[in-house]
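The values are calculated or read from the model by the stated rules, or taken from the named source; none is laboratory data. Keep in mind the model is a prediction, meaning the values are calculated, not measured. Glycine also receives a Cβ, built like all others from the backbone with ideal geometry; neighbour counts cover every protein chain displayed. What goes into the accessible areas is simple: the full protein's heavy atoms, side chains included, and nothing from ligands, DNA or RNA. Shrake-Rupley method; radii C 1.70, N 1.55, O 1.52, S 1.80 Å.
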Amino acid sequence: MTAQLRTVRQLGDPILRRVAQPVDGIDDRLLTLIDDLIWTAEKTNGVGIAAPQVGVSQRVVIVASRPNLRYPHAPLMEPTALINPEIVARGDRRSEGWEGCLSVPDQRGPVWRHDEVEVCYLTPAGEIRQAVFTGFVARVLQHEYDHLEGVVFVDRVTDPQRLLSEADYFAQLTPAPAK
Ligand code: K3U
Ligand code: ZN
C-alpha cells in the first residue's frame, strides 16, 4: 500500500508529553507506521520525526538528514528508522545549534547537543544495530529521542528569549544588503 501523510500533533497535545512505550514486536502495522513517518517527514520538509508526533506513543524515530540553510554541510542520507533506540554513549563535546520542530510551527531556537552519540536500535528487519552519529545527524537523533521521553526542543532552548519566528530566523541568515 502507498504511504499516507499523517497529521502532526502540535505542542499542547498531551501525547507529546508522554513517555513512549517500547515496541514489542515488528508487524505489518509497525512497518506501515514507519512508511507513513518517512513520507510525512518528506512531505513536511522534516529532517526527522518521531511516532508520538503522529499520535502513536511508541518508541520509533526516523532520521532523514539533508543539507539545509543553517546546516549546508549536513549529510544527505536515506531516511533511517530506529526502533527502540537507546543512546548508549555521549561524547564530551557539545555544540549549540538551531532547531525547529514540526510540532512547534513557526518557532526556531538554539539548543546545546552532544556532537557525538552512540545508539543501539532495532532495524525494521529486526536486526540489532549499534551506530555512532555525529554532527547534525547526532543533533536530529537527540531531538527525536527527546520526543520519546516527552521532551520538546523548546524545553531545552538556551534562552527562551532567543526563540525566533521562521521569518526572523531566515532574515538573520540572510542579512539585508548594506546601503
Ligand atoms: O527542517 C527543519 C529544520 C529546522 C531547523 C534547522 C534544520 C532543519 C524542520 S524541523 C525538523 O525537521 C525536526 C522534525 C521533528 F520535529 F519532527 F522532529 C527535526 C530537527 C530539526 C532541526 C534540528 C534537529 C531536529
Ligand atoms: Zn520535534
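Beyond 16 Å, how much of the Cα-Cα pair distribution for the range 1-80 remains, as a whole percent?
Result for the distance tail: 53 percent.
About its Cα centre, what dipole magnitude does the range 18-62 give when the only charges are +1 on Lys and Arg Cβ and -1 on Asp and Glu Cβ, stated in debye to the nearest 20?
220
What spacing in nm lies between the two simple spin-label points modelled at residue 17 and residue 78, each 7 Å away from Cα in the Cβ direction?
According to this spin-label approximation, the distance is 3.9 nm.
What do you get for GluC sites (Glu not before Pro) in the range 107-162 restricted to DSSP loop and a cutoff of at most 16 other Cβ within 10 Å of the site's Cβ?
127, 149
Can you give the angle from 0 to 90° between the axis of helix 28-43 and the longest principal axis of the chain, with both taken from C-alpha atoms, to the nearest 10?
It works out to around 20 degrees.
Carbon and sulfur atoms: what percent of the 1.4 Å accessible area of the chain do they account for?
51
Given +1 on the Cβ of Lys and Arg, -1 on the Cβ of Asp and Glu, and no further charges, what dipole in debye does the range 22-179 carry about its Cα centre, rounded to the nearest 20?
With Lys and Arg at +1 and Asp and Glu at -1, about 580 debye.
Taking θ as phi - 60°, what are the ³J(HN,Hα) couplings along the range 162-177 by the Karplus curve (6.51, -1.76, 1.60), each to the nearest whole Hz, with x for Gly and Pro?
For the range 162-177, the Karplus curve yields 8, 4, 10, 6, 4, 5, 5, 4, 6, 5, 5, 6, 10, x, 4, x Hz.
At 0.36 nm per residue, and after removing the present C-alpha to C-alpha distance, how many nm does the segment from residue 88 to residue 127 gain when stretched out fully?
12.3 nm
What distance in nm separates the two pseudo spin-label positions at residue 168 and residue 10, each 7 Å out from Cα along the beta-carbon direction?
1.9
Hey, if you drop one equal point scatterer on each alpha-carbon of the range 1-142 and run the Debye formula without solvent, what base-10 log of I(q)/I(0) do you get at q = 0.09, 0.15 Å⁻¹?
Summing over Cα pairs of the range 1-142 leads to -0.26, -0.76.
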